[in-house]
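These notes concern the structure reproduced below.
Every number in this text was worked out from the coordinates using simple rules, so none of it is lab data. Since the model is a prediction, treat every value here as computed from it, not as a measurement. With ideal geometry, Cβ positions are generated from the backbone for all residues, glycine too; neighbour counts draw on all protein chains shown.
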């Protein structure tokens with residue numbers, strides 16, 4: 001789209017929103033401060049650099065075989081830089097422990113150190129990004145069906161050491177980048193069929209977590225992530241929502257809410273206000289489940305819109321850390337990055353542009369027809385013109401213009417891999 005066209009459309013939208021008491025310039029200032037934590041694993045289907053030819057295991061899998069998958073750390077970074085250039089605003093990068101710069105050497109997970117991620121920290125500084133981190137319990141000879149909840153103390157000790165080291169790496173990232181890094185702990189632990197020792201496994205997990213968090217990391221925001229079930233572990237998940245919610249509340253850390261980790265009839269947005277009353281902050285994994293935790297590319301659907309509305313309307317933008325988590329290997333991977341990131345931004349922009357004061361007035365006075373009518377009319381307001389202007393201000397392509405850029409990158413770069 002041409003610059004003059006974007007500006008003209010924005011001025012018209014600005015005037016229209018002013019008629020319902022909304023300052024679009026103020027909304028854009030707030031949107032500018034919303035940083036998404038992009039996920040490095042969209043580039044290479046969660047393979048990492050321990051063993052480039054390895055297979056995923058332990059309750060996780062990527063589907064699809066679209067050409068152009070990143071094969072090494074240089075290609076991962078190149079793809080992220082390209083995606084970053086097409087997403088307006090300033091954003092973060094979330095790294096899994098298997099993405100260390102190991103220099104071709106075998107480094108087991110209980111041996112990882114900050115030095116294996118120093119080049120990521122340097123890269124982040126050069127690209128004006130902050131970093132987040134994740135321990136990695138899947139796709140390892142000791143993964144099995146249980147890791148931190150294993151009956152085998154040696155297995156538990158291995159994963160405890162790995163997670164402590166992961167938190168120390170996150171701590172170093174936060175220290176050097178002068179911004180606390182979120183460390184997310186998700187494990188696949190569970191059982192495919194009926195389980196009679198649920199209490200035992202959860203007791204073991206609690207004990208492992210207590211040992212992990214005994215190590216203080218001042219530059220880290222700790223989070224624990226629940227799940228309903230995993231692939232091959234359908235009957236029992238040790239780290240359920242109730243388990244981690246209780247642990248987070250008791251210990252003053254964050255609970256991670258992944259949009260694909262609950263029952264298909266549950267909506268993640270409804271958990272926000274409840275959790276924020278009892279935990280200091282929340283970590284989000286914005287994703288798109290289709291019948292299960294299938295990690296489809298995020299789109300601007302009702303679930304994402306309601307999530308953004310709940311956060312904005314609760315005045316909780318400073319209490320919610322927004323990360324993305326999907327790894328669709330069936331389409332152009334950079335395209336998947338950009339679609340999902342921009343869809344998430346659009347949802348937050350719509351929430352920032354909603355006439356919440358009037359909506360609250362209607363609700364408090366029992367005028368529910370008026371409330372519903374205004375909610376519906378808000379959907380057709382010219383928010384897209386405001387987002388295009390946001391792209392223009394951030395030197396990112398507006399509207400569908402990014403498609404051609406990604407096609408060119410595929411032609412010149414990813415198709416030759």
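Compute log10 of I(q)/I(0) for region 273-318 with the Debye formula, placing one identical point scatterer on every Cα and leaving out solvent, at q = 0.21, 0.22, 0.33 Å⁻¹, to two decimals.
Cα-only, vacuum Debye calculation for region 273-318: -0.80, -0.85, -1.21.
Can you work out the base-10 log of I(q)/I(0) for region 317-382 at q = 0.27 1/Å, using the Debye formula on its C-alpha atoms alone?
Cα-only, vacuum Debye calculation for region 317-382: -1.11.
Based on the Kirkwood radius over alpha-carbon pairs, what is the Stokes-Einstein translational diffusion coefficient of the chain at 20 °C with 1.002 mPa s viscosity, in µm²/s?
96 µm²/s
With a bin width of 5 angstrom, please list the P(r) values of region 162-269 as percents of all Cα-Cα pairs, from the 0 bin to the one holding the largest distance.
2, 12, 20, 22, 18, 13, 8, 3, 1, 0
Need one number: convex hull volume per residue for region 30-156, Cα atoms only, in Å³.
Hull volume over Cα atoms, normalised by residue count, gives 134 Å³.
Given a cut-off of 19 Å, what percent of all Cα-Cα pairs of region 341-417 lie beyond it?
Of the Cα pairs, 54 percent sit more than 19 Å apart.
For region 243-300, take the convex hull of the Cα atoms, compute a quarter of its surface area, and give me that in nm², please. Walk me through the intermediate numbers first.
Details: hull surface 16.5 nm².
The Cα convex hull of region 243-300, projected and averaged over all directions, gives 4.1 nm².
Distances longer than 12 Å among the Cα atoms of region 1-42: what percent of all pairs is that? Show your work: numbers first, answer last.
Details: 601 of 861 pairs.
So the portion of pairs separated by more than 12 Å is 70 percent.
Where does region 272-417 land on the Kirkwood hydrodynamic radius, alpha-carbon pairs, in angstrom?
Numbers: mean 1/r = 0.0578 Å⁻¹.
Across region 272-417, the inverse of the average 1/r is 17.3 Å.
For n ≥ 4 DSSP H runs only, could you compute -39500 (n - 2.57) per run for the chain, divide by its residues and tell me the 222 nm figure to the nearest 500?
-13500 deg cm²/dmol
Arranged from highest to lowest average of other beta-carbon atoms within 10 Å per residue, in what order do the peptides 24-37, 373-386, 275-288, 157-170 appear?
Working: 24-37: 17.5, 373-386: 15.9, 275-288: 19.4, 157-170: 22.4.
In decreasing order of mean packing, 24-37, 373-386, 275-288, 157-170 become 157-170, 275-288, 24-37, 373-386.
With the cut-off at 15 Å, report for region 141-186 the share of all Cα pairs above it, as a whole percent. Intermediate values should be presented prior to the final figure.
Details: 514 of 1035 pairs.
Above the 15 Å cut-off, region 141-186 has 50 percent of its Cα pairs.
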